[in-house]
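A short worksheet on the structure shown next.
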Amino acid sequence: MNFKGGFMGFVRMLLSALLLAVLLSCGTSSNGEFDYGSATATVDSAKNPLLADLAKWAGAPCNAALTPTISNEIVNFTLATTANNQNGSTHPVVLKKATITFSPADTQSPALPALYSPIYQNLNGYTIPVGGTLTVPLEIVTHNLKQYLTPTLVCQGNSSTYSYNVTIAFDAVEQVSEKSGSIPASMTVRLADFVD
C-alpha cells in the first residue's frame, strides 16, 4: 500500500513538473529571447539623438494669425533574429505593437502626461524573417505631443530644450512556439523650437 501511494505521489509530482515546463515554455520574455532564437532592435544612428523641431513658422513664432507647420518624427528601427545554440534554428517573429515611453533626461524636462507617454503603435503585419532583418518605421514624436509642448517651450518665451530618454518595447510572438516576448530598444529625444 505504501509503495502504491509513494508511486502515485511520484507520478503526480512528475506530471506537475511537466505541466510547469509546458507553461514556462509558453511564457513571455522581456529581453527578446524566444524558444528558437532571439531578436534585437537597433535605432537608426543618424536619428539618435533625435532633434525634434516643434514647428516651422512662416513669420514670428506664436503669432495668432499664423498656423505653424508641425510634422511627426518618424524613426526607423532595424529588427533582427538569430538562432539560439540549443535548437540551431529560428522561426519568424511576428510583431504586434510597440510601446514608446518618455522619461525626463534632466531636471528641466517635465514628465509627460499619460496622454503622451506611453504611446502605442499597432504593428500587425510586420514579421521578422528567419535569420533576417526587418526595418520598422515608428512615429516617435507625434503632432499632438508637439502641439502640447509648443505653448510652454515657444510661446512663453522659453528657449529651453526638453530632453527625454525613450524606451521602446516591440511586443512580438515567435511562430511555431507561440512564445510571446518583448524586444527592447532605446534612444534620446531633444525637443525645442529649432531655427527654421
Highest mean packing first, using Cβ neighbours within 10 angstrom, the peptides 148-158, 45-55 sort as 45-55, 148-158
For the range 31-192, the charge dipole (Cβ of Lys, Arg +1; Cβ of Asp, Glu -1; about the Cα centre) points to a positive end, and the Cα of 34, 183, 102 closest to that extreme belongs to 102
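Using unit Cβ charges (K, R positive; D, E negative) and no other charged atoms, how large, in debye to the nearest 20, is the dipole of the range 31-192 about its Cα centre?
Details: 7 positive and 10 negative charges, 75 e Å.
Dipole about the Cα centre, nearest 20: 360 debye.
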Placing each pseudo-label 7 Å from Cα in the direction of the beta carbon, residue 133 and residue 103 end up separated by a distance in nanometres of 2.8 nm
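Which ordering of 182, 117, 160 is given by a fewest-first count of other beta-carbon atoms within 10 Å? If you can, show how the numbers build up before the last one.
Numbers: 182 20, 117 16, 160 13.
Least to most surrounded, the residues fall as 160, 117, 182.
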Under 5 Å from the placed amide H of residue 123, counting only residues 5+ away or on other chains, we find 97, 98
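Laboratory data are not the source of any read-out in this text; all were calculated from the coordinates shown. None of the values given here were measured: they were computed from a predicted structure. All Cβ positions, even for glycine, are placed from backbone atoms using ideal geometry, and neighbour counts span all protein chains on display.
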